[in-house]
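Below is one structure; the comments refer to it alone.
We did not get these values from a lab; they are worked out from the coordinates using the rules stated. What you are looking at is a predicted structure, and each value in this text was computed from that prediction instead of being measured. Please note: Cβ atoms are built from the backbone with ideal geometry, for glycine as well, and neighbour counts cover all protein chains shown.
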Amino acid sequence: MNFYELYLRSFFDGNKDGIGDFKGLNEKLDYFTDLGIDTVWLLPIMTSPAFHGYTISDFFNVNPAYGSIEDLKQLLNNAHKKGLKFILDVPVNHCAVNSEWFQKALNGDSQYIDYFLWANEKTDTDEPRHWGGDKIWHKIKDKYFYGLFGPGSPDLNFENKKLWAEMKNVFKFWLDIGFDGFRLDAAKHIFDYDSENMIFKYQHEKNITFWKEMLSYIKSLKDDAIIVSEVWDDSSVVKKYEGVFEIGFNFPFSYDLKNSVKKESPSDFIKGLKNSMPDYLSQEKEIKTKSGNFLTNHDMTRLVSEMENSLEKAKLALSILYTLPGYPFIYYGEEIGMKGILESVNFTEDGEEPFQWYENGFGPGQTEWKGYKFNPPYSGFSEESEKKEENSMLSHTKRLLKFRKENQWITDSKIKIIKENENMTELCIYNGKKNFTCIYNFKPCELKIETSSDIIFSAGKTEKNYNSLLLGPYSMVVVAGK
Ligand code: ACG
């Protein structure tokens, strides 16, 4: 299953207001099927005062800028007819300041006061967030509320069981609309504040109990619901959630892979694999939560920018992504090499620029909700120009996704490290029945490799002469297994 992460506002405009919407997306469903995508992860689309949609004011409605519930149903219906699935990003950890729940709490409604966490005499209202140092307590009227992600998003207090029932209704509502599953936002944060001792503290066991109950409810409604969780942390924390979710984003993998390609370091790549995919390197280990592999997402600097504008390196990183086990995800715009540098996760606009359909920057459906900072017109990175070019990022990505679709078995395969030297790595990807060998050239020079095996797939400049193989700079090849 090939996943695509989509920011609707930046995609395709169906009503000429410059903002991407359901109608526009509906017109472009073939774009995904042509690209080789099976499932689209839609970033939050519920009513929200924020451009990113992660602070929700009404969990049971869509942002009117995107259209109506009917438009959404039609979109999902058409997608399903084309064999395309959609999962929805659901941030349940917090809501918006202007939500009915928070407003009622502020007005003293006793039922809702306990939906949130309020400072008391034990609270250190200056306690900083453990990343970035931002404040986690925010003053409103004469009190302070807990909001880990900022003053616009009061955390919900899941010690209150009523909220568990509310969230089950939320999941049911969106499944009934036609979604095929969910991306569970901020999964390690449901219980991250110890309200007895009034101090920030992850309570992973409690989180797991919460998610198990939500998941068994979701599965009771739709047994094939696709579930992807976001636990952004190092491998030791991610491991605590093993087996809870069907697919879990592998953040350490994302860093390790990008860094090794950027540094042209095969040994770092192997070290990274051992760190972030250890169970895939063992023949016996059962994989309880499949690795959600990705290079970037909306909270990160874009791939080409991360690779210091080297398209070859960006292509190699993608080639590796699509030849490894687990589920591969791509963030919208990466397939056309969009750029974007994020200075802070508190401001993601720079990574969410309008998708470039046209070389001149305008045309039917082009979104323009914000100006271009990183992706100006006539830069050679647009769907229009790249679809015609054999060597473009778009053509490269398309070929990789097609290869992956034809080899679905890779998802549940294992990895064996065959060879590693200062220039390249050679991996065997195998399951009980099939296998092949991937050779990645991490360097800007040509490499000569002795092999008599047939080439199954290649990306970049490669040449086969009887018993030897010439691998061009940053290229890769998949050859039949030994
Ligand atoms: C999700 C969404 C994000 C969204 C929210 C809130 C959550 O993708 O767009 O914000 O609904 C933390 C959370 C994540 C969260 C990001 C933004 N992402 O855990 O759930 O913040 C450290 C921390 C992580 C932290 C990360 C952020 O441990 O918890 O993610 O930093 O940079 C090594 C370490 C690892 C460390 C990294 C990076 O890998 O192992 O632990 O991670 O280095 O240093 C949205 C908006 C926000 C808005 C909010 C309300 O984007 O602007 O404020 O909504």
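Taking Cα atoms only, the orientation of helix 311-321 departs from the longest principal axis of the chain by about 80 degrees.
The residues neighbouring Met46, those whose beta-carbon lies less than 10 Å from its own, together hold a net charge of -2 under the Lys/Arg +1, Asp/Glu -1 convention.
Of the trypsin sites (Lys or Arg not before Pro) in region 315-417, the ones in a loop by DSSP (not H, G, I, E or B) with at most 14 other beta carbons within 10 Å are Lys373, Lys387, Lys388.
Return the loop-located GluC sites (Glu not before Pro) in region 371-472 (DSSP other than H, G, I, E, B) with at most 16 other Cβ atoms within 10 Å of their own Cβ; answer none if there are none. Taking region 371-472 and a limit of 16 other Cβ atoms within 10 Å, the loop GluC sites (Glu not before Pro) found are Glu389, Glu390, Glu422, Glu446.
Computed from Cα atoms, the angle from the helix 162-177 axis to the main principal axis of the chain rounds to 50 degrees. Taking amide H as placed 1.01 Å from N in the peptide plane, Ile140 has its amide H under 5 Å from the amide H of Phe145, each at least 5 places away in sequence or on another chain. A P(r) calculated from all alpha carbon pairs of the chain, with 10 Å bins opening at zero, reads 4, 19, 29, 26, 16, 5, 1, 0 percent. Take every Cα pair under 8 Å whose residues are at least 6 apart in sequence, average their separation, divide by the length of region 1-147, and the relative contact order is 17 percent. For the set Lys28/Lys73; Lys212/Lys416; Lys172/Lys402, the pairs lying more than 26 angstrom apart at their alpha carbons are Lys212/Lys416; Lys172/Lys402. Rounded to whole numbers, the Karplus 3J(HN,Hα) couplings from phi for region 366-376 are 4, 8, 8, 5, 9, x, 7, 10, 10, 10, x Hz, using 6.51 cos²θ - 1.76 cosθ + 1.60 with θ = phi - 60°, and x at Gly and Pro.
For GluC sites (Glu not before Pro), the sites in region 198-306 that DSSP calls loop and that have at most 15 other Cβ atoms within 10 Å are Glu242, Glu284, Glu286. Any idea which of Asn435, Asn297, Phe381 is furthest toward the positive side of the dipole for region 293-439, if Lys and Arg beta-carbons carry +1 and Asp and Glu beta-carbons -1? So the residue furthest toward the plus end is Asn435. Measuring nothing but how far apart in sequence close Cα pairs (under 8 Å, 6+ apart) lie, relative to its length, the chain scores a relative contact order of 13 percent. Using only Cα atoms, tell me the angle between helix 69-81 and the longest principal axis of the chain; keep it within 0 to 90° and round to the nearest 10. So the helix axis and the longest Cα principal axis differ by about 30 degrees.
For region 142-273, what does the alpha-carbon gyration tensor say about shape, rounded, prolate or oblate, given a ≥ b ≥ c as the root eigenvalues, a/c under 1.5 as rounded, and a/b over b/c as prolate? It comes out oblate by the Cα gyration axes. Exposure here means at most 12 other Cβ atoms within 10 Å; with chymotrypsin sites (Phe, Trp or Tyr not before Pro) in a DSSP loop as sites, the longest stretch of the chain lacking them is 132-361.
For the residue pairs Lys206/Lys290; Lys339/Lys443; Lys288/Lys461; Lys23/Lys240, the alpha carbons lie more than 30 Å apart in Lys288/Lys461; Lys23/Lys240. Between Glu70 and Val237, the distance separating the two model label sites (each 7 Å from Cα on the Cα→Cβ line) works out to 4.5 nm. Among the listed pairs Lys85/Lys188; Lys222/Lys433; Lys16/Lys388; Lys85/Lys464; Lys239/Lys373, a Cα-Cα separation exceeding 29 Å is found for Lys222/Lys433; Lys85/Lys464; Lys239/Lys373.
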